[in-house]
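Trainee: Quick one: the structure is below, questions incoming.
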Amino acid sequence: MQPLIVGIRFTPIGKIYHFDSRSLTDLKVGEHVIVDTSRGSHLGEVIQILRETPSSPDGGWKPVERRATPRDLLLRETWRAKQTEAMIECRARAAELKLNGVKIVAAEFNYDGSRLTFLYSTESEDKVDLKSLKKDMNRKYPKSQVEMRQIGPRDVAKIIGGMGACGLETRCCSKFLTDFSPISIKMAKEQGISLTPSEITGMCGRLRCCLIYEYEQYVAARKTLPKRKKRVVTPNGEGVVVDVAPLTEMITVQFEGEGRPSYQTFHRDVIEPWDELEALRRKSEAPCDKHEGGGCDCGKDKKNGS
């Protein structure tokens with residue numbers, strides 16, 4: 001029997017994971033199910049139903065165990081209500097143990113409370129010993145299996161939320177980003193963005209996720225546009241490119257004249273590269289190598305090019 005792969009999400013703006021739902025019939029998007037994961041059973045929402053089966057991961061697909069019942073949904077809300085209290089308890093104990101540099105970001109119960117995960121971040125990259133803290137939390141919550149999971153600064157910003165560095169009321173990571181893409185300083189350079197840290201750094205202290213949004217469009221556009229300092233021919237004469245707007249395909253050209261230089265902006269369709277036009281002009285003026293004593297019909301004299 002062919003596997004029927006569905007995409008499941010466990011948090012509203014979380015990553016989508018794929019599971020095999022062949023044991024269930026007529027599963028629809030929006031339904032809630034119980035699935036088997038590497039961290040025990042969890043309750044998630046069906047976000048997508050894949051028409052084509054992707055390549056199987058190592059170990060095969062984890063199964064969808066069953067549809068969630070009203071009782072399961074009520075249990076999830078009951079345990080979610082206890083997460084803030086658990087986080088406060090863990091933070092207080094971490095302070096007593098003087099675990100400097102460790103920040104307890106959140107506490108997460110699975111739907112039936114059988115598992116409790118504390119998400120934390122550290123200021124340094126050195127490994128922190130949290131055995132004592134975990135032991136104390138196990139004692140505090142004996143009915144739950146306690147796990148301590150370290151997360152990065154981007155994940156911390158996603159959980160905490162708040163206003164973005166750009167001024168939007170909700171950060172992109174908290175609003176719609178389900179996964180984080182690799183961001184490099186090259187992306188800022190390609191788009192002509194100032195490399196001042198405050199201009200390219202997000203609230204998480206890392207390069208802003210939005211640097212990748214238009215990066216490919218800039219790269220594609222620049223391949224067809226003249227570079228800065230290149231000489232071009234415009235409807236108003238020859239000039240030098242001083243600025244390029246890749247997304248609008250507008251080019252600002254400087255013209256040398258009497259007094260101060262003047263600047264005008266043109267669309268790329270009305271601009272020609274000066275070097276290409278110059279090459280065509282020289283070719284048209286060059287004498288014909290095949291012209292011999294008037295035997296060629298090109299109309300040029302080999303000696304004087306006329």
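Since every read-out is calculated from the coordinates, none of them should be taken as a lab result. Please read all numbers here as calculations on a predicted model, not as lab measurements. We place every Cβ from the backbone using ideal geometry, glycine too, and count neighbours over all the protein chains shown.
Trainee: If you take the Cα Rg of region 60-112 and divide it by 2.2 N^0.38 Å, with N the number of residues, what do you get?
Mentor: 1.59
Trainee: If you don't mind, there's one more thing I want to ask. Starting with the highest mean, order 212-224, 148-160, 47-59 by the number of other Cβ atoms within 10 Å, averaged over the residues of each peptide.
Mentor: 148-160, 212-224, 47-59
Trainee: Here is a further query. Would you mind checking which residues have amide H under 5 Å from residue 145's amide H? H placed 1.01 Å from N; only 5 or more apart, or other chain.
Mentor: 115, 116
Trainee: With labels modelled as points extended 7 Å from the Cα through the Cβ direction, what inter-label distance (nm, one decimal) is found for residue 66 paired with residue 36?
Mentor: Roughly 1.4 nm, to one decimal.
Trainee: How do 26, 20, 179 line up, fewest other C-beta atoms within 10 Å first?
Mentor: 26, 179, 20
Trainee: Quote the relative contact order of the chain in percent (integer), defining contacts as alpha-carbon pairs under 8 Å separated by 6+ residues. Each step should come with its number before you reach the end.
Mentor: Working: 469 pairs, mean separation 26.8, N = 306.
Relative contact order comes out at 9 percent.
Trainee: In degrees between 0 and 90, to the nearest 10, how far off the longest principal axis of the chain does helix 83-96 point, with axes built from Cα atoms?
Mentor: On a 0 to 90 degree scale, this one is about 90.
Trainee: Using the alpha-carbon atoms, what tilt in degrees (0 to 90, nearest 10) does helix 131-140 show relative to the longest principal axis of the chain?
Mentor: So the inclination is approximately 50 degrees.
Trainee: Same structure, new question: Which of the residue pairs 189/230; 158/223; 158/189 have a Cα-Cα distance greater than 28 Å in the structure shown? The partial results should precede the final answer.
Mentor: On the way: 189/230 19 Å; 158/223 35 Å; 158/189 26 Å.
Violating the 28 Å limit, Cα to Cα: 158/223.
Trainee: Using only the alpha carbons of region 1-46, determine the length spanned along each of the three principal axes and report them from longest to shortest in whole angstroms.
Mentor: In descending order, the Cα extents are 30, 22, 14 Å.
Trainee: Another question, if that's okay. Over the alpha-carbon set of region 152-213, divide Rg by the Kirkwood Rh and report the Rg/Rh ratio to two decimals.
Mentor: Result: Rg/Rh = 0.94.
Trainee: Ignoring solvent entirely, what values of log10 I(q)/I(0) come out of the Debye formula for the chain at 0.07, 0.08 Å⁻¹ when each Cα is a single scatterer?
Mentor: -0.53, -0.62
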